[in-house]
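Below is one structure, written out as structure tokens; comments come after it.
No lab work stands behind these numbers, since they all come straight from the coordinates. These numbers come from a predicted model, not from an experiment. Quick reminder, even Gly has a Cβ in these numbers, built from the backbone with ideal geometry, and neighbours come from all protein chains shown.
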């Protein structure tokens, strides 16, 4: 079916919030897991407007080209510079966002069946047990327009309909990524085509209408506007050409090219080009696995990719206007001061870094570090949160905290401290939020028109950890190649400290001032815990490794007194795949922390 063909290639923390406290009502009782009694919160409780873009970068500087986002959000809110998508592709990332669970716990790990997409989300039982449903249970109205999940289509939109929404107007496949021929589906109505109209503009009008409905309803609300920009444009070809193999990229049933801007924006940024960082189309190969085999891009390829970059910036201008329109309407309704406005994206993006064609799906900084901006009651203006690592698994818990809802025991994430005071207090207690677990299964693909080969075995576990004196990335691929980068001295992640003994000796003998093998042993143990973690174990993984409570950070774990412990652990088990799989298959995942802990009595070693 076209659905499978299309989606094969599309998209191919420990402490609670401190500070902001919403106005509460005497008749509101926060609900925890298992409670079913609906409450009626006061209209004075805060609202939330959440703009969720698709594939928006941090490291290609896209926010620098959005003056209205700067005016309304960056200048009036707090930016989290170390916010990470835990899976660098859209559907698994969005499911994590709306459940507060890592993909290894949702088992939605791809954009299409059998391992992902909307049908997998439904079959896993989440359609009646995720964020919008939980909000409705405590009396909030929930509204959504735009992209929800992949393989939410014109065929299955009502079988079943997404649960938990007071009002909705969803983009539907196979037209989700067609900027000039979108199809939306409102509430229980039949899908409607908007051929010839610009997708983000159509979505903006729908978002404004849903906002009016929310205000008229007289209840606190949560409104999501999820445009496709700056995702690549996807147009279905004539059905006669739809017989090509999914691996024969010259004969696919759709065309996959650069984003399309609104007509009014197509002249902008004529001289802009992809930032020429050290890792842009480097002279020497970098990375590991298939990435280390990529050829350097020629001048024609680079010129096209610069065009692709400009089209991304242009496509974001309508999103910039959407933010402005929502802010203006919130102000006109006199509810702006009682509304949290949140801006983020499902995953990041690369163009040319490590010689990669436009795309995502890698664990490198361009793909996993994504925007997160929060404006609202008690949130500091024009402030960047430093020293706080956050992930998409933390967003549902954070929204719960902001709205006064009791946290769920099964959240893998934890509420983000969003106020300046809360951030400083957490750091002052030494409870640094310093790690982000990252995971991926299956395939990757270049987008645009050059070298769009499907890359199998793009399966890996990774870790970003950042604290005083260290800023590291560690990964293990399913072919069991390892990577370690010290981003303080190598921000482009070009020099793999675990590439070979000769190479690392010539470059440096240390990572963050410590012997490389010592650092790698600690990080491998941490990934071993995180790769199958659940609940509080994901939030406080060091507590699993050090139940006596003496270790809360990597700096603590690097103390010499623990050297023999980690040496023993490395001999007993380490992160290692049995084989490469395109989804989360337990027998492919290799050793687990639970097996090491239970089988070898780790607590005795401690």
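What to note about this one:
- What separates the Cα centres of the range 108-153 and the range 435-484 is a distance of 25 Å.
- Burial ranking of peptide ranges 256-269, 222-235 (average Cβ count within 10 Å, highest at the top): 222-235, 256-269
- Ranked 90, 533, criterion: other C-beta atoms within 10 Å, fewest first: 533, 90
- Here the ratio of the Cα radius of gyration of the chain to 2.2 N^0.38 Å is 0.92.
- The Rg/Rh ratio for the range 408-488, using Cα coordinates for both the radius of gyration and the Kirkwood hydrodynamic radius, is 1.11.
- Rg in Å to one decimal, and Dmax rounded to a whole Å, for the range 459-605 via C-alpha atoms: 15.0, 42
- Report note on the peptides 578-588, 173-183, 511-521: ranked by the mean count of other C-beta atoms within 10 Å, highest first, their order is 173-183, 511-521, 578-588.
- By the beta-carbon count within 10 Å of each Cβ, the least crowded to most crowded order of 350, 495, fewest first, is 495, 350.
- Per-q log10 I(q)/I(0), the range 133-207, q = 0.19, 0.21, 0.24, 0.27 Å⁻¹ (Debye; single scatterer per alpha-carbon; no solvent): -0.74, -0.87, -1.08, -1.28
- Net length gained if the chain between residue 270 and residue 337 were fully extended (0.36 nm per residue, minus Cα distance): 20.3 nm
- Estimated from helices alone, the mean residue ellipticity of the chain at 222 nm is -8000 deg cm²/dmol (sum of -39500 (n - 2.57) over DSSP H runs with n ≥ 4, per residue).
- Viscosity 1.002 mPa s, temperature 20 °C, Stokes-Einstein D of the range 283-403 from Kirkwood C-alpha radius, µm²/s: 122 µm²/s
- Going by neighbour counts of Cβ atoms within 10 Å, the residues 152, 574, 354 line up, fewest first, as 574, 354, 152.
- Our note on the geometry: Cα centres of the range 197-222 and the range 405-427, 29 Å apart.
- Using a Förster distance of 41 Å, the FRET efficiency for residue 195-residue 570 (Cβ separation, nearest 0.05): 0.10
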